[in-house]
Structure formats: C-alpha cells, structure tokens
Amino acid sequence: MAIALDAVVQLVQLALVLALAPLLTGFVRRLKAHLLRRQGPPLLQPYRDLLRLLRKEVVLAHSASWLFRVTPYLVFATTWVAAALVPTFAVGLVFSNAADMIAIVALLGSARFLVALAGLDVGTSFGGIGSSREMMIASLAEPAMLMVVFTLSLLAGSTQLSSIAAFMQSAGVGLRVSLALALVGLIMVAIAENARIPVDNPATHLELTMVHEAMILEYSGRHLAVIEAASYLKLLLYVSVIVCVFFPWGIAVSGQGLAAYLAGIAVYVLKLAAGGFLLAVFETAIAKMRVFRVPDFLGAALMLGFLATLLLFVSRAT
Amino acid sequence: MALEVLLWCAAALLGTGVASVAAARHRAASASVYGVALSATTIAMVVAGWSLLAQHPPAGAQLPLGLPWLGAHFRLDALTAFFLLVVNLGGAAASLFALGYGRHEDSPARVLPFYPAFLAGMNLVVLADDAFTFLFSWEFMSLTSWALVMAHHRRSGNAAAGYIYLLMASLGTLALLLGFGLLAGPGGGYAFDAMREAAPAPRVAGVVLALALIGTGSKAGLVPLHVWLPLAHPAAPSHVSALMSGVMTKVAVYGFVRIVFDLLGPPAWWWGALVPLLGGVTAVLGVLYALMQHDLKRLLAYHTVENIGIIFIGLGLALAFQANGMQAAAALALTAALFHVFNHSLFKSLLFFGAGAVLTATGERDMERLGGLIHRMPLTAFAFLVGSAAISALPPFNGFVSEWLTFQAILLSPALPQWLLKFLVPAIGALLALSAALAAACFVKAFGVTFLGRPRTPVARDAAETDRWSLAAMFAFAALCLLAGIIPGQFLDRLAPVTQALVGAHLPLQEERSWLTIVPIAESRSSYSGLMLFTFIALAAWIATWVIHRYASAATRRSAPWDCGFPDASPLTQYTAGSFSQPIRRVFGSVVFRAHEEVDMPPPGDARPARFAVHLRDVPWDLFYVPAANAVAFAADHLNKVQFMSIRTYLTLVFGALVVLLAVLAAWQ
C-alpha cells in the first residue's frame, strides 16, 4: 500500500515537473520584461510556443543524420527523468534510490553530450561554435558541481538527495561557512548550465557570443519543441535542486497524507516563484560577459566548492 | 585442472606463433592464425571466468623450465583469474576483429607470428608465480608488442616510436628486476610464495613501491612515464593497438596490484597519498593531451593514459584505507579500480576497433580529413558512439559506474586520520571530476569531427561500411558496455573474492538488492540503479515519441542547412578538431602546454594568406627526457675520446683502474 502511494507520488511528480517547467520560464521572462518596464509576453506563452512548434513542419538539412533526429527525444527523456528524481514537494519518492546527486549530474551530462553532437551533425560553423563552447563551459561547470556535491555529502553523510534534504531539515545542521560557499557555487553552476546571463543569453539569436542557441540552430518544428521543453525542464531541475538542498522546509514526508502533499506542492510552487523572481532580478541587474571570461567565473565556482569542502575539516557549526 | 588448460592455451598460442613464421605468406594464414587465436583465447576466457565464478581455491603448478634451481611456478587465484578474463576477453574480440581487418594487412609476415606470441606473453605474465617467470614473460610481452609496433616500420614516425618504446620498456624491466631483487632479499627466494612470507622493512618496502611504480607505471602509462605510449600504441595495426591499450596496460596494472597488494605486505599511509596524486595528475594531463590531438588513434592512446590515472586513483585510495585499517573502504576503492580495469578494456578496445574500421575504409587517421562517416558507415558509427559515451562516464553505460564507485570511495576519505590525506583526497576528487568532464568534451570532438558533419575529403565521401567480423567484435563489446552499465551488481559480485584475498574485505553482495540497485555501503548513503535509469529513459523517450507522432505534425522537408542564413559552400569551413578544442586550449593551454599562438595577419591590400600556428610543448618531455637524452649524448661524445688514444694513455688508464680497484678493495676490508 505504502509503495503504491509512493508510486502515485512519483507519477504526480513526473507530471508536475513537466507541467510547471514552461510556466517557470514564462514567469521569468515576464518578470524580466516588467523589470525593464516592458509589457512582456503572457505567462502562458511558452506553452503556446510549444504547441505552435508542434504544428509546424520540420526542415531538415540534407546532411542531417539519424542522430540528429533521435537526439531531441533522448535529451528530453534524460532531462525529464533527471528532473523527476529530484525531490520537489515530497521526499522518499519510490524511485529516488535509482540515482543519487552524482548520477543526476551525470544524466544531465548525457543530455549535453547528445546536444553537442547534434550541433556538429549538420556541419555548419554555428553548430560547431556552440558545441565547442558548451563543452568548454561544461568541462568547468561539472567539476564545480561535483565539489558542491562533495561538500553536501560530507556534511550529510550521503549523496542521496532525499537524505541530504532530511539532514538539512534536522536540528544538527546549524549555520556553516561551507554551506554558504556551496550555495553560491551551486547558483553559479546553475546559471552557467542553464545558459543564463551573464554566461549566455537565452533570448538572442544571431549573435556570436551565443552558446546554447547556436547548437540547436538547425532544429525546427517538433524537434525544436522537444528540445525547448528539455531546457525548460533543466531550469526547473536546477531551481528544484537548490530549494531541495538549501531550503527544504515544507517538503512532505512519505506517509503524511493528502493534505501534507498538497501543502508540499503549494510550498514548492511558492519556492519556484521566489527562485524565478531572484533569477529575473539578477539577470536584469548584470551584463553578459565575454565568452572567455566564463572560465574565470566557473573557476571561481570550482574554488568555492573546493574551499567549502576544505573548510568542513577546520570549522564547526554555530 | 583449470590451470593446466590455461597453460595449454598459452602453449597453443606460442605454437601458432612459431608455425606462422613459416606459413605467413600462405593465403589462408591470416584466417587460420586469427581463428586459432580466437579459439584459444575463448577457451582461456571461459576457464578463467568459470574459475572466478566457482571461487576455486588457489592452485599452483611447477614446470621444469627457466632457471634449473627455481623452475617455472604458475598459480591461478582470484586475482589471476580476473585479469586472465580481461586479457582473454580482449584477445578474443581482437582476434574476431582481425579475422576481417587482418585481410587488409599488406605485410602479414610482420604481424602474424608475433600476434599470438604477444597474447601468450600476456597470459603468462598473469599466470607467473615467481620473479623469473614473471620478468621473462614481461620481457617477452614487451618484445613481441615492440615487433608489432614496428610492423609498418617504413611509415614515418613508427621507427622512432619503436625506439622510444624499447628504451622505456627496458627501463621498466630494470626497475622491476631491482624491485624483485629487494623483495627476495639476501636469502634469494624468487618464488612469490617466499616473498609473501618475508615482509621487507618499511624503508625497503618504500623503495620497492617506487620501483614498482616505475616498472609497471612505465608500461601502463603513468605521467611522466607515458611518453612512449601515444607514439607506440597508434603505430601498430589497429587490433594490436586495441590489445596494447585495452589489455597490455591492464597487465601492467596487474603487476602493480600483485607486487604492492600481495607481495609487499602492509602499506604505509604515505603510499596512499603518492599513488592517487600520480593518478590524478595522470588523468587530467592525459585527457588534456588527448583533446589537443587530431590523429584519431593517438587521441585514443592519450585517453588510455587518462583511464590508467583513474585506475591508479582507485588503487591508491585502497592503499590509504588499508594502511589505516579501514578494510571495507579499501575494498570499495579496489573494487572501483578493478571494475574500471574491466570497463576500460571493453570500451577502449571497442574504440580502437572503430578507428581501425575507419582506417580501413578511408586510409586516414587524421580527423581533419574525415567527417560525415555516419552516413557511409552507420553501424561502425553507432558502435563508436556507444564506446564514446561509455568512456565519457555517461550513464547508463559502464564507465559511469566505475567512476561513480571511485567517487564514493573518495567521499569516505574524511574518516582518514592523516591531515594530508584529508586535504589531498578531495583535491583528487576535483581532478577526477575535471578529467571526466574533459573526456566528454574530447569524445564529442572525436565522434563529431570524424563521423558527423559533411565529408571533408573524397576518401571520406566514398567510404564503405566495414566487414562483418569487425562489426561483430564491435557490437559484442558495445553490448557488454551497456550490460555492465545497467546490471553492474552482477559484475561487482564477481570481484568479491579478489578484494577479499587482497584487502581482507569485500563489498556487500549486490545480487539480493531489489531492482538491481548497487549499494556500496548503505542504502541511505548512496545507491545507483543503471537498469532503472535505462528503463525510465527508454520509457520517457517512448512516451515523448508516441505523443509527438500522435499529435504533432509529421511533415518533414529536406533543405539546405539554415546556418543563420549564411550557409558556407565548402565542407572545409566546418568546425575542425583544432577549432573545437580551441576554447579549452585557451583555458588550460598556457599553463599545461606552454602554448603560444602565432597569428600572421597581412595588412589590408596584401594578397598573402593569413596564417595561424599554435605551438604546444610537452612539458614532461622537456623536463625529464630532453635533459636525460642530452646527458647521454654528452657522455657518449666525451667517452668517444677513449676510442682514439695512444697505447701509453691506455696503459696509464689500465694502471689507474687497477690502483683504484685495489684501493676500494682495501677500504672494503
């Protein structure tokens, strides 16, 4: 019975992340427009975009191979699974022991590997520039992310996200310098991984500094829709990881009943809104940096993660 | 019983080698040599696997060969059985691949006799149970592989590669010889049993560790002893490259494990700092060098250096934990290292097979002259893609599982009492993470530039799919890569007797776990289920495809690429291997490679083409090898004078030498 309930919760989570992901992106876009004193697109615009793309025909380059056509579905599936394994409104999901935090990071790595290959597939220079820079950014962002994971798992004694969330809710955690450093490092990685300002600009085309958009330049129609949905999911995933690890309050625990789950969902949506708000404010307040400044940015994130690990040995919680 | 069968297999391989000296020019020679090699290695693989599965007690045998007062000792225990499995699995696949690939060989007489002998040599190294047999087989393995490297000795660079390989192999054997001498002690017990009994003094043990690191590390490719490897491995025919990279480096790892974990006695804690540090540096430098290559086979060879680094990180952590009495953690680290040994032998062989297939189809190893092969060689491309994902440590493939286990071992390091280790091991974790991420970048480049895009040359445009034997070998290994990734528990349980014998503990058995989840320590701490992830991804992809095909527009039109409305006509304007790695070169290059770029941009109006050149330096080469070579040249130059002296000077020299010797003798007494 308990397992059946957990399975239902897992399915709800699977549907919830998919349903909320475009909303989060729409919210951030609208908020950014408001901060710039523009009207901005409606909140539901990303859903409409996806539906419109699904109705359009696909224009494939002559040189595109089967890999180019398969990649969108695999990328979407991988990202969706990764997002569904992060505890959002409840811990103790039935499948949470399939992957710990390292495996979730690696799953996103698989998705990126495929997108980068798709960027090279057609054989254009824009695709190549995007893939090349994406892999450069990833090669620094991934170690930084793993150092953050190290810090958290050394503290919580686990790399399992639900265990980390439970530990962070417990009384024993206290305020630590390491946690602050890890939070900053994680946010920097999240910004880089999601191609947000200052690392990349999600709103541009036709600009030499773009990274993620250049890789998927050749996609159109349903393929583009699926890829876009995957990047909405990725943004949601990173915000979920940050709130799950650092702000786990209000998250429902297995077997608490329907009311607790509903409250958990409500709190989760509020947390997402807060995360989106902060992201929009941050993006509006800062300028995009040159692509070769990005290594410094991510190097700082890596150092923060590493320092957070080392400080664990010499500091004590207050 | 099992041991006898294994020895007979090695003897059959040796016999095949001898027989094919005479018959190499015969039309059916290639098929029969590789056929016999395939059968012998398959039998040996099955026997070794069965022995590991049934957990036979160690068995020994003694043959009246070698030194008369010593004889040749052989032994089959869990560690030997595991490495024999790796060696013969790789050997069988390489032979299968060569059944097709070997037909294109233009000088079979230079390859056929040495190939089975090389396989026999590797088998004998692993089976040997005394220092003499071990060293003899080790040298035999080195020399036969050297002969295979020199098979195409007229091609530019191969002769130099063979020369450097020979020098480094001699250095390694010298170090091992001295190491075994120290282990045997003044009593001179050269059988491994006698060495196990006599634990050397701590200071001597430290020296033996250093010698073992030089001896086996030079064969495995530890930085800075790796210089020969990226030259020699690609020079050999591709199935031999696969064996050298995928299997022979594992034999070197076996040598290290046998000497340090089995013969040397209890480790000191500083070994656990030195070995992982070497491993971490090797991993990162290996992958960075690989990123700078545009020769497909050389890139793969540098990746072997990287993976050897990852294996040594695991081995070193096992030493650190064992020195502090943390047996369970040591078992985890050792299991991670050994599983990576197995995994790397799978995907590296697979990738070299793929490179060999490309080489046969196009005659090119240079990625800058390939491209678009996915259209002409779809099956090879698919197998190569699986290998690329596996080596880049991407789930759900096997490379991820062993690196994940290594990370889990690193996360146990705060319990170590030494402060140096506490601080060092997380830094090594960062190096490991960096190398994994860079490996993904490198294989996006390797696969993307070779197989994707548009063909850059006519040979790439007209390539044809490779033969069935080669494809069978590649797909068998690709399937194993996936299998070891989604049900790793079955593979990890087979390693339990090995770690039990070496560090006195093993991982909790994984078979009882539900959903084939692997749990290295405790469920609340960490768990991973490749099968579940694989199923989920497959299901999610199926749902997405179904929904899209049901509800979305299915219209598809082919057209010219969009490319921001600025399509370039020539395939030469695509991103190349050099341009792909340029951002990473800018990030790491100035420090790691002392890279400097020369841009020659003519002023407006000048019709001269603009030129761009990058100069990379191999820092370990400049730091260690150039001074050594200079010293040798200097000494040779000056000793040369001794050749042209008058008789009086010679007599004076002889007299002086005599006086010195007598003085030494007097001082000695």
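Please treat every number below as a calculation from the coordinates, not as lab data. Since the structure is predicted, the reported quantities are computational estimates derived from the model, not experimental observations. Please note: Cβ atoms are built from the backbone with ideal geometry, for glycine as well, and neighbour counts cover all protein chains shown.
Send over the per residue convex hull volume for the stretch B:568-635, Cα only, as a whole number of Å³.
Working: hull volume 11.0 nm³, N = 68.
In the stretch B:568-635, the Cα hull volume divided by residue count equals 161 Å³.
So what's the net charge close to B:P520: Lys and Arg +1, Asp and Glu -1, counting the other residues with Cβ under 14 Å from its Cβ? Walk me through the intermediate numbers first.
Working: positive: B:R513, B:R525; negative: A:D100, B:E403, B:D493, B:E523.
Neighbour charge sum, excluding B:P520 itself: -2.
For A:Q256, enumerate residues with amide H under 5 Å from its amide H, sequence gap 5+ or separate chain, H modeled in the peptide plane.
none
What translational diffusion coefficient, to the nearest whole µm²/s, does the stretch B:624-668 have by Stokes-Einstein, given a Kirkwood radius computed over alpha-carbon pairs, a temperature of 25 °C and 0.890 mPa s viscosity? Please list the in-between numbers first.
Details: Rh = 12.8 Å.
Stokes-Einstein gives a translational diffusion coefficient of 192 µm²/s.
Could you pull out every residue, at least 5 positions away or on a different chain, whose amide H is within less than 5 Å of the one on A:A61? Hs are placed 1.01 Å off N in the peptide plane, and Pro or chain starts have none.
Hits under the 5 Å cutoff: B:S559.
Report the per residue volume, in Å³, of the convex hull enclosing the C-alpha atoms of the stretch B:534-577.
On the way: hull volume 6.2 nm³, N = 44.
Spread over its residues, the Cα hull of the stretch B:534-577 gives 140 Å³ apiece.
Using 0.36 nm per residue, how much length does the chain from B:V18 to B:L616 gain when fully extended, once their Cα-Cα distance is taken away? Let's see the in-between values first.
Values: separation 598, 0.36 × 598 = 215.28 nm, distance 4.42 nm.
The B:V18-B:L616 span can extend by a further 210.9 nm.
Per the helix-only calculation at 222 nm, which mean residue ellipticity applies to chain B, given -39500 (n - 2.57) for every DSSP H run of n ≥ 4 and division by its residues, nearest 500 deg cm²/dmol? Walk me through the numbers before you get to the answer.
Numbers: 27 runs with 438 residues, N = 669.
Only helices count here, giving -22000 deg cm²/dmol.
For the stretch B:638-643, just list the computed ³J(HN,Hα) in residue order, Karplus coefficients 6.51, -1.76 and 1.60, θ = phi - 60°, integers in Hz, with x standing in for Gly and Pro.
Values per residue, Gly and Pro as x: 7, 5, 3, 4, 4, 6 Hz.
From the phi of every residue in the stretch B:521-535, what ³J(HN,Hα) in whole Hz does the Karplus formula 6.51 cos²θ - 1.76 cosθ + 1.60 yield, where θ is phi - 60° and glycine or proline is x?
These are the phi-based 3J(HN,Hα) values: 10, 8, 4, 6, 8, 6, 8, 8, 10, x, 5, 5, 4, 4, 4 Hz.
If you take every DSSP beta bridge whose two residues both sit in the protein assembly as shown, what share of them, in percent to the nearest 5, is antiparallel? Mind dumping the intermediate values first?
Numbers: 14 of 19 bridges.
Of all bridge pairs located within the protein assembly as shown, approximately 75 percent are antiparallel.
Which whole-number percent is the relative contact order of the stretch B:280-423 (Cα, under 8 Å, 6+ apart)?
Contact order relative to length: 24 percent.
Calculate the all-directions average of the projected area of the stretch B:341-543's alpha-carbon convex hull, and give it in nm². Mind showing how you got there, number by number?
Details: hull surface 56.3 nm².
The orientation-averaged projected area of the Cα hull of the stretch B:341-543 comes to 14.1 nm².
Let me have the relative contact order for chain B, percent, based on Cα pairs under 8 Å that are six or more residues apart. Walk me through the intermediate numbers first.
On the way: 1088 pairs, mean separation 77.1, N = 669.
So the answer I get is 12 percent.
I need the peptides B:295-302, B:58-65, B:399-406, B:348-355 ranked by packing, meaning the mean over residues of other C-beta atoms within 10 angstrom, with the highest value on top.
Working: B:295-302: 24.8, B:58-65: 12.9, B:399-406: 27.6, B:348-355: 30.2.
Ranking, from highest mean packing down: B:348-355, B:399-406, B:295-302, B:58-65.
With every atom except the alpha carbons ignored, what do you get for Rg and Dmax of chain A, in angstroms?
In Å, with Rg to one decimal and Dmax whole: 19.5, 63.
Just from its helices, what would the mean residue ellipticity at 222 nm be for chain A, if runs of 4 or more DSSP H residues each count -39500 (n - 2.57) and the sum is divided by every residue, rounded to the nearest 500 deg cm²/dmol? Walk me through the intermediate numbers first.
Working: 11 runs with 223 residues, N = 318.
Theoretical 222 nm ellipticity from helices: -24000 deg cm²/dmol.
Measuring from centroid to centroid over Cα atoms, what is the spacing of the stretch B:301-332 and the stretch B:152-227 in Å?
The distance from the Cα centre of the stretch B:301-332 to that of the stretch B:152-227 comes to 19 Å.
Give me the number: length gained by fully extending A:F313 to A:M289, i.e. 0.36 nm times residue separation minus the C-alpha to C-alpha distance, one decimal in nm. Spell out each step's value before the answer.
Numbers: separation 24, 0.36 × 24 = 8.64 nm, distance 3.46 nm.
That pair, A:F313 and A:M289, stretches by 5.2 nm at full extension.
Could you calculate, for the protein assembly as shown, the ratio of the Cα radius of gyration to the Kirkwood radius, expressed as Rg to Rh? It would help to have the intermediate numbers written out before the result.
Working: Rg = 29.4 Å, Rh = 29.7 Å.
Taking Rh as the inverse mean 1/r over Cα pairs, Rg/Rh reads 0.99.
How much net charge surrounds B:R611 when only the other residues with a Cβ under 15 Å from the Cβ of B:R611 are counted, with Lys and Arg +1 and Asp and Glu -1?
Details: positive: B:R608; negative: B:E597, B:E598, B:D600, B:D606.
That works out to -3.
Other chains' Cβ within 10 Å of B:562-575 residues: what's the mean?
Details: counts 9, 9, 9, 1, 4, 5, 4, 0, 0, 2, 0, 4, 8, 12.
Mean number of neighbouring Cβ atoms from other chains: 5.
Please list B:456-462, B:367-373, B:620-626 highest first by mean number of surrounding beta-carbon atoms within 10 Å per residue.
Values: B:456-462: 16.7, B:367-373: 23.4, B:620-626: 13.0.
Going by the mean number of other Cβ atoms within 10 Å, highest first, we get B:367-373, B:456-462, B:620-626.
Per-residue counts of other Cβ atoms within 10 Å, averaged by peptide: what ranking do you get for A:289-301, A:118-130, B:274-286, B:494-506, highest first?
A:118-130, B:274-286, B:494-506, A:289-301
Express in % the proportion of alpha carbon pairs of the stretch A:1-55 at distances exceeding 16 Å.
Numbers: 842 of 1485 pairs.
Summing the P(r) tail past 16 Å for the stretch A:1-55 gives 57 percent.
So for the stretch B:306-435, what are the equivalent ellipsoid semi-axes in whole Å, largest first, each being the square root of 5 times an eigenvalue of the Cα gyration tensor?
Details: eigenvalues 275, 33, 24 Å².
Semi-axis lengths for the stretch B:306-435 are 37, 13, 11 Å.
When the dipole is taken about the Cα centre of chain A, and only Lys, Arg (+1) and Asp, Glu (-1) are charged at their Cβ, what size is it in debye, to the nearest 20?
720
Whose amide H sits under 5 Å from the amide H of B:I518, counting only residues 5 or more places off or on another chain, with H placed in the peptide plane?
Correct list: B:Y528, B:S529, B:G530.
For B:W269, B:W469, B:W546, what ranking results if the residue with the fewest other Cβ atoms within 10 Å of its Cβ goes first?
Numbers: B:W269 17, B:W469 20, B:W546 10.
With the sparsest Cβ surroundings first, the list reads B:W546, B:W269, B:W469.
Compute the signed sum of charges (Lys and Arg +1, Asp and Glu -1) over the other residues within less than 11 Å, Cβ to Cβ, of A:G130. Intermediate results must be reported in sequence, preceding the final value.
Values: positive: A:R133; negative: A:E134, A:D200, A:E213, A:E218.
The answer is -3.
Exposure proxy check: B:S345, B:S30 ranked by fewest other beta carbons within 10 Å?
The fewest-first ordering by Cβ neighbours comes to B:S30, B:S345.
Could you tell me the extents of chain B's C-alpha atoms along the three principal axes, largest first, rounded to whole Å?
Computed over chain B, the largest-to-smallest principal extents equal 96, 71, 61 Å.
Tell me, A:M147, B:M292, B:M122 in order of fewest to most beta-carbon neighbours within 10 Å? Before the final figure, lay out the partial values.
On the way: A:M147 30, B:M292 23, B:M122 33.
In increasing order of surrounding Cβ atoms, one gets B:M292, A:M147, B:M122.
Given a Förster radius of 56 Å and the C-beta distance between A:A274 and B:A666 as r, what FRET efficiency does 1/(1 + (r/R0)^6) yield to the nearest 0.05?
On the way: r = 89 Å, r/R0 = 1.58.
In this case the efficiency is close to 0.05.
Loop-only check: which trypsin sites (Lys or Arg not before Pro) in the stretch A:21-68 are DSSP coil with at most 11 other Cβ within 10 angstrom? Write out the running numbers ahead of the final one.
Numbers: sites: A:R29, A:R30, A:K32, A:R37, A:R38, A:R48, A:R52, A:R55, A:K56; in loops: A:R37, A:R38, A:K56.
Answer in residue order: A:R37, A:R38.
Take every Cα pair under 8 Å in chain A that's 6+ residues apart, average their separations, divide by the length, and report that relative contact order as a whole percent.
Numbers: 486 pairs, mean separation 97.6, N = 318.
Value for chain A: 31 percent.
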